[in-house]
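A short write-up of the structure that comes next.
The values are calculated or read from the model by the stated rules, or taken from the named source; none is laboratory data. Just so we're clear, the structure is a prediction, and the values are computed from it rather than from any experiment. Glycine gets a Cβ as well: all are built from the backbone with ideal geometry, and neighbour counts include every protein chain shown.
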Amino acid sequence: MDKKIRVAVLYGGKSGEHDVSLHSAASVIQSMDPALFEVLPVLIDKKGSWKAGANALPALEGKMEESRLEELGKNVSAFPALSVEDRLLPRLDWEELDVVFPVLHGTFGEDGTIQGLLEIADIPYVGAGVLASAVGMDKVMMKKVFAQEGLPQGDFIQVLRSRVENEIDAVVEELENHFGYPCFIKPANLGSSVGISKATDRETLKKALRFAARYDRKLIVEEFIDAREVEVAVLGNEQPEASTPGEIVSSNDFYDYKAKYIDGKSEMRIPAELPENTLEEIRSLALRAYRAIDCTGLSRVDFFVTKKEGRILINEINTMPGFTPYSMYANLWKNSGVSYGSLVKKLIQLA
């Protein structure tokens with residue numbers, strides 16, 4: 001390379017996954033070779049305001065090495081033409097940038113909104129495009145696309161918040177007749193297991209519906225599946241590759257936010273202890289799901305493998321999964337022979 005690649009790393013965001021994004025972004029920035037990349041840090045705070053350069057660095061304190069943070073602070077002056085309005089939208093001289101890495105999880109970052117802004121700015125960016133991001137974020141639309149593609153999955157029903165608010169008894173009766181107990185209730189457009197509950201009777205079902213409705217106007221209710229949870233990392237554009245599958249053994253009743261990020265007791269088993277033909281089938285289905293939503297860059301595809309029959313069912317696809325060196329996505333590729341730094345470099349090349 002005859003010049004450094006200028007990369008704006010976006011992090012934070014208005015979603016419930018703001019703090020997860022900060023940790024992911026700190027890891028991404030720290031892994032980028034200063035000899036190859038110039039980094040412009042851009043923070044989107046919880047209210048949606050944008051802060052660039054030195055103003056964006058305090059959010060990363062304690063999440064990356066101090067020496068790297070200090071070095072970053074000295075180098076942000078390399079972007080003299082860039083500034084950010086303390087408003088909802090940025091005022092950036094996009095021509096000063098080569099690529100944007102939106103390390104944003106959940107709504108207003110992983111759902112196609114940021115991707116649309118970058119499309120308008122005509123600048124390359126890491127990850128899925130507008131359509132794939134939007135479909136991947138909306139669990140109802142995602143499952144409808146998977147159904148159209150003939151991918152095996154569990155049963156589900158959409159419920160609107162307005163029905164929860166105005167006719168919850170009728171909704172509960174419908175769900176009881178369709179699923180029985182237990183069943184899972186989730187906001188349709190949210191990640192990191194935020195807002196998800198397991199209902200075991202009428203009282204907990206009503207509570208779960210009201211809880212999920214706090215986060216989204218559209219909810220999804222899913223059948224309970226007694227299964228092992230297996231995940232696959234996918235990387236690429238036109239010719240994507242799938243990693244070795246890994247298994248999540250949750251420390252909680254199900255893999256909720258606490259099990260993912262707080263208690264630190266959940267276990268990753270890579271590779272998953274499953275027959276070789278099952279592992280290959282999971283990898284094949286992951287690639288089919290990736291192509292089904294027209295994904296690019298990266299995704300983590302999550303599966304259930306039923307404990308009794310060994311049936312493989314797709315659960316969901318995540319177009320910007322947790323991205324620290326300790327996250328499942330990075331660990332799956334590490335086990336497949338791709339280091340964290342190489343992964344970040346490859347994603348920028350794909351962008």
Exercise. Answer yes or no: is there a residue in segment 284-300 that is at pLDDT 95 or above, under 30 Å from Ala8 (Cβ atoms), crowded, with 19+ Cβ neighbours inside 10 Å and among the acidic types (Asp, Glu).
Key: no
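Within segment 290-304, can one find any residue that is among the acidic types (Asp, Glu) and assigned to a loop (DSSP other than H, G, I, E, B)? Break it down into steps so the answer makes sense when it comes.
Of the residues in segment 290-304, the ones among the acidic types (Asp, Glu) are 294, 302.
Remaining after also requiring assigned to a loop (DSSP other than H, G, I, E, B): 294.
Yes, that holds for at least one residue.
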Self-check item: Failed item, numbered, when Tyr215 is tested on (1) in contact (Cβ under 8 Å) with a residue 60 or more places away in the chain; (2) surrounded by 22 or more Cβ atoms within 10 Å (Cβ to Cβ); (3) under 20 Å from His18 (Cα atoms)
Solution: (2)
Quiz item: Pairs, please: C-beta under 7 Å, at least 6 apart or cross-chain, first residue part of a strand (DSSP E or B) and in segment 117-139, second of a type in the set (A, V, I, L, M, F, W, C)?
Solution: Tyr125/Val99; Tyr125/Val100; Tyr125/Leu118; Tyr125/Ala351
Exercise. Could you list, in sequence order, all residues of segment 152-193 that are of a type outside the set (D, E, K, R), surrounded by 15 or more Cβ atoms within 10 Å (Cβ to Cβ) and farther than 29 Å from Ser15 by Cα?
Key: Phe179
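Can you pull out every residue in segment 161-213 that is part of a helix (DSSP H, G or I) and of a type in the set (Val, Ile, Thr)? Can you show your working first?
Let us first name the residues in segment 161-213 that are part of a helix (DSSP H, G or I), namely 161-166, 168-178, 202-213.
Matches in segment 161-213: Val164, Ile168, Val171, Val172, Thr204.
Step by step: first the residues of segment 27-58, then only those that are outside any strand (DSSP E or B) and touching a residue at least 60 places away in the same chain (Cβ under 8 Å), then the one that is surrounded by the fewest Cβ atoms within 10 Å (Cβ to Cβ). Which residue is that? It would help to see each step written out before you state the result.
Narrowing segment 27-58 to residues outside any strand (DSSP E or B): 27-36, 45-49, 53-58.
Among the residues that remain, those that are also touching a residue at least 60 places away in the same chain (Cβ under 8 Å) are: 27-28, 31-33, 36, 48.
Details: Ser27: 21, Val28: 26, Ser31: 20, Met32: 21, Asp33: 10, Leu36: 13, Gly48: 13.
My answer is Asp33.
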Quiz item: Got a sec? Which of Glu267, Glu276 is surrounded by fewer than 18 Cβ atoms within 10 Å (Cβ to Cβ), modelled with pLDDT under 95 and over 13 Å from Pro240 (Cα atoms)?
Solution: Glu267
